[in-house]
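Notes to accompany the following structure.
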Amino acid sequence: MSTTNIKLHYYQIELVKKLSQAVFIRFNDLIIKGLESEHMNYHLKKLINLGFVQKMSSKYTLTDIGKDYSNMLDENSSLPEKQPKTSIIIHAKRKNPKGQVEHLLSKRLRQPYFGKVGHPTGKVKFGEKVQEAAERELFEETGLKAKKFYLERIYRKMRKKDGLWVQDVIFFIFLVKDLSSKLIAKTPLQENFWISGNALKKRASLDLYDDFTLDDHMTPKPLTFTEISAEAKGF
């Protein structure tokens, strides 16, 4: 269970903070100034029902879920810190009958970046290995399977709009080869198509991502890491 999107009441957050500073705490040691015992019980029961807190005899302790949440709290604001997301990008390639390298691209049909064209991408689920995520996303989004996945690049993409951060994602980029099954041309969320580099140059109407790159290499490259921040375009 991920605690990223769970919102707690102010007093519940304060209780989690207190519980994070010991292994076990008695009720009287959890008392928050200005909070009556009846209300204290209410918030503790809420935390227990959420799976954040466990009562053991006359003492209280954080569960693993509660520990995970407390680890995300900002020490100054007492609110969960927003952290970079983790996603994968699939650089799937094949050769057509003419020997030209073709690339699998997707047109996004949802916000943000509606209408943008780039390589298929997807989020890494909590507890999921990055290659497992690449295999799953390739199949779920395109219907394709592949025998070979090569991790070539780790890329942190940071984008601002009107002075505020709107995107911060760490991408694991895979070269994917030896594909099979039938391509799903369109889903409610995206359109998928194969295209060569030369053909792409003639499709000036395609609205590519601002960091879109394309090359025809089929041999895996050494792993690299880059971080790039810029203004968001088309967000």
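The values are calculated or read from the model by the stated rules, or taken from the named source; none is laboratory data. Not measured: the values here are computed from a predicted model. Because the Cβ atoms are built from the backbone with ideal geometry, glycine has one as well, and the counts that use them run over all protein chains shown.
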Give the residue, chosen from Asp178, Asp168, that is at positive phi, part of a strand (DSSP E or B) and either assigned by TED's automatic domain parsing to the domain that holds Trp194 or touching a Phe, Trp or Tyr at 6+ places or on another chain (Cβ under 9 Å) (or both).
Asp178
Quick check on this structure: which one of Lys85, Lys33, Lys45 is farther than 29 Å from Ser229 by Cβ and either aliphatic (A, V, I, L, M) or at pLDDT 90 or above (or both)?
Lys45
Filter result (of a type in the set (A, V, I, L, M, F, W, C) and loosely packed, with under 12 Cβ neighbours inside 10 Å) within segment 48-89:
Met56
Sort out which residues of segment 207-235 are surrounded by 13 or more Cβ atoms within 10 Å (Cβ to Cβ) and touching a Leu at 6+ places or on another chain (Cβ under 7 Å), and write them in order of number.
Leu214, Pro220
Inside segment 30-47, the number of residues satisfying the requirement of being exposed (fewer than 12 other Cβ atoms within 10 Å of the Cβ) and under 24 Å from Glu75 (Cβ atoms) is 2
Just wondering, is there one or more residues in segment 35-43 that are among the small types (Gly, Ala, Ser) and assigned to a helix (DSSP H, G or I)?
yes
Can you name the residue in segment 181-204 that is of a type in the set (Ser, Thr, Tyr) and not in a strand (DSSP E or B) and, of all such residues, is surrounded by the fewest Cβ atoms within 10 Å (Cβ to Cβ)?
Ser181
Exactly one of Lys33, Lys67, Lys18 is free of Cβ contacts under 8 Å to residues at least 12 places away in the same chain, farther than 30 Å from Asp178 by Cβ and either in contact with a helix residue (DSSP H, G or I) (Cβ under 8 Å, 6 or more places away or on another chain) or not polar (S, T, N, Q) (or both), and that one is Lys33
Please find, within segment 188-215, the residue that is nearest to Asn96 (Cα to Cα) out of those that are modelled with pLDDT of 95 or more and touching a helix residue (DSSP H, G or I) at 6+ places or on another chain (Cβ under 7 Å).
Asn192
Search result, residues across segment 94-105 that are closer than 16 Å to Ala185 by Cα and in contact with a Leu (Cβ under 9 Å, 6 or more places away or on another chain)
His103, Leu104, Leu105
So which residues in segment 38-69 are more than 30 Å from the chain's Cα centre (by Cα) and of a type in the set (Gly, Ala, Ser), if there are any at all?
Ser57, Ser58
